[in-house]
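**Student:** Could you have a look at this structure, given as structure tokens, before my questions?
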Amino acid sequence: MTPTKSLLALAILAAAATAHAAPPAASASQPKPDIKPTTSIPLQTSHQIYDLKAPIPLSWRATTAAAQTWLNTGSAPSMVGTNGMVMYAYGQSQPTITCAPLHICVINLLPGEHITNLSIGDSVRWLVQTADAGKTPVVVVKPTAAGLTTNLAVTTDAGRVYYLTLVSDQHNYVPQIGFYDPQQLVINMEQQAAQQRAAEAAQTAAKQQAVIAPLGHIDPSTLDFYYTCKLDDGHSDLENDDLLPLRVFSGGGHTYLQMPGKMRYTDAPAVFNVTSDTTELLNSRLVHDYFVIDGLPQKFKLVVGVGKGSRSVTCHHQQMNAGWWAR
């Protein structure tokens, strides 16, 4: 091999060794970035989502459970909101938010308030701006490099102060975060419970009114108890005591039949107005153990069944000096 070729071969080998060599170690005098560990959960892989330390999913049950946990223990967990947004409990911690260079981090504050002041520790290497998403104030931050750490304080007209630590990382970051107020959740739960109790009370009152309304306005001094009732077709009282009224009286344009309690377990009778010429069905309704008949019939029948198996009771109104007990 000629000297020229030998020198060429040695140059090629040296270049290959340089290409495969390990990168030079960092200088001892070169400062290392002080990166604090983030409490955020990077939403990268599915196994991280189900990690025991990961925020719980945001739902009605989750928010209710978080509010109850805060009410019982004074602390509330972080939750995963819509679109992977990590929701922090306001006033429970100072969240550390991890952002990435050339990417923005969106910080959603609580709805219904406006930002009054914003201060960031490193305004040179962190870009920050504010915006509104409907009723929700938003802060958008972006680091210019990896390995940066600073803090951010935001005040609102609702009297809230949001204090956050911002960390930049080349790969792991959370693009969007938000806040929820566990105290407000408890207040909302109490208000909903109060509204539900009020609705149930109104429903009960309406039901009671529906029961009382058919009775109308009755003056006890004008009640007429001069009625007598008798079983038809020679049936005994013991055999038909579920059909025979305990007492009958009228007032306010209605006739009232107090029926035995056991009638609720048998067929309800039909009520007919009986005159010398016709027999017509009367409009009646059962209110508790009372039959309420519209009108003041002088003679009427209570009938159960049809044909030979039917049973009936006939009631008469007496003009004077008649007892009002049916039996």
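**Student:** Go through region 85-130 and count every residue that is open to solvent by less than 60 Å² (accessible area, probe 1.4 Å) and either outside the structural domain of GLY147 (by the TED database) or within 16 Å of PRO175 (Cα to Cα) (or both).
**Tutor:** 18
**Student:** Another one. Go through region 258-303 and count every residue that is over 19 Å from HIS316 (Cα atoms), β-branched (Val, Ile, Thr) and open to solvent by 40 Å² or more (accessible area, probe 1.4 Å).
**Tutor:** 1
**Student:** Looking only at region 310-321, decide whether some residue is aliphatic (A, V, I, L, M) and surrounded by 16 or more Cβ atoms within 10 Å (Cβ to Cβ).
**Tutor:** So the first thing to find is which residues in region 310-321 are aliphatic (A, V, I, L, M), and the list is 313, 320.
Remaining after also requiring surrounded by 16 or more Cβ atoms within 10 Å (Cβ to Cβ): 313.
Yes, region 310-321 contains at least one residue that is aliphatic (A, V, I, L, M) and surrounded by 16 or more Cβ atoms within 10 Å (Cβ to Cβ).
**Student:** Could you list all residues from region 190-203 that are under 12 Å from the mean Cα position of the chain (by Cα) and either in the same structural domain as ALA66 (by the TED database) or open to solvent by 60 Å² or more (accessible area, probe 1.4 Å) (or both)?
**Tutor:** The initial filter retains those residues of region 190-203 that are under 12 Å from the mean Cα position of the chain (by Cα), namely 190-193, 195-196.
Those that are under 12 Å from the mean Cα position of the chain (by Cα) and either in the same structural domain as ALA66 (by the TED database) or open to solvent by 60 Å² or more (accessible area, probe 1.4 Å) (or both): GLU190, GLN191, GLN192, GLN195, GLN196.
**Student:** Mind listing whichever residues of region 154-179 are in contact (Cβ under 8 Å) with a residue 12 or more places away in the chain, open to solvent by 30 Å² or more (accessible area, probe 1.4 Å) and not in a loop (DSSP other than H, G, I, E, B)? So that I can check it myself, show each step before the final result.
**Tutor:** Going through region 154-179, the residues in contact (Cβ under 8 Å) with a residue 12 or more places away in the chain turn out to be 154-158, 160, 162-179.
Restricting the remaining residues to those that are open to solvent by 30 Å² or more (accessible area, probe 1.4 Å) gives 155, 157-158, 160, 163, 169-173, 175-176.
THR155, TYR163, GLN176 - these are the residues of region 154-179 that are in contact (Cβ under 8 Å) with a residue 12 or more places away in the chain, open to solvent by 30 Å² or more (accessible area, probe 1.4 Å) and not in a loop (DSSP other than H, G, I, E, B).
**Student:** Of the numbered conditions (1) at pLDDT 85 or above; (2) loosely packed, with under 13 Cβ neighbours inside 10 Å, LYS142 fails exactly one; give the number of that condition.
**Tutor:** (2)
The values are calculated or read from the model by the stated rules, or taken from the named source; none is laboratory data. Everything numeric in this text was worked out from a predicted model, so none of it was measured. Here the Cβ is made from the backbone with ideal geometry for all residues, glycine too, and neighbour counts use every protein chain on show. Only protein heavy atoms, including side chains, enter the accessible area calculation; ligands, DNA and RNA are left aside. Shrake-Rupley method; radii C 1.70, N 1.55, O 1.52, S 1.80 Å.
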